[in-house]
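Taking it in order: structure first as structure tokens, then the write-up.
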Amino acid sequence: MSVGQTIKHKTQAFKGRITERIGRTTRNRRLQRQGRTDQISGNLKQFGAKAKDALGP
């Protein structure tokens with residue numbers, strides 16, 4: 001996995017954490033859901049890329 005993709009996925013997960021916390025602070029359930037979705041998506045992409053690298057070409 002390229003460094004750019006790694007940074008992109010980690011940034012997406014981090015953005016999700018921030019969005020979820022803002023949603024919690026403002027009691028906005030839509031922002032909380034959106035934040036959790038971004039976190040899960042970023043983490044799954046990271047996991048998929050690591051698995052792909054481990055299995056080889």
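The values are calculated or read from the model by the stated rules, or taken from the named source; none is laboratory data. Please read these numbers as outputs of a predicted model, since none were measured by experiment. Note that we place each Cβ from the backbone using ideal geometry, even for glycine, and neighbour counts take in every protein chain shown. For accessibility, only protein heavy atoms count, side chains too; no ligands or nucleic acids. Shrake-Rupley method; radii C 1.70, N 1.55, O 1.52, S 1.80 Å.
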ask   = Taking a probe of 1.4 Å, how large is the accessible area per residue of the chain, in Å²?
value = 80 Å²
query = Of the heavy-atom accessible surface of segment 1-45 (probe 1.4 angstrom), what whole percent is carbon and sulfur?
reply = 54 percent
remark   = Calculating volume of the Cα convex hull per residue in Å³ from this structure picks out, from [x] 98; [y] 77; [z] 50, entry [z]
note = For the chain the mean separation of alpha carbon contacts under 8 Å (6+ apart) over residue count, i.e. relative contact order in percent, is 39 percent
query = Given a Förster distance of 22 angstrom, what is the FRET efficiency for Ala54 paired with Lys15, based on the Cβ-Cβ distance and rounded to 0.05?
reply = 0.25
query = So what are the ³J(HN,Hα) numbers for segment 20-36, from phi and the Karplus equation (6.51, -1.76, 1.60; θ = phi - 60°), rounded to whole Hz, Gly and Pro as x?
reply = 5, 5, 5, x, 5, 5, 8, 6, 9, 5, 5, 5, 4, 5, 4, x, 4
query = Charges only on Cβ, +1 for Lys and Arg, -1 for Asp and Glu: so what's the dipole of the chain about the Cα centre, in debye to the nearest 20?
reply = 360 debye
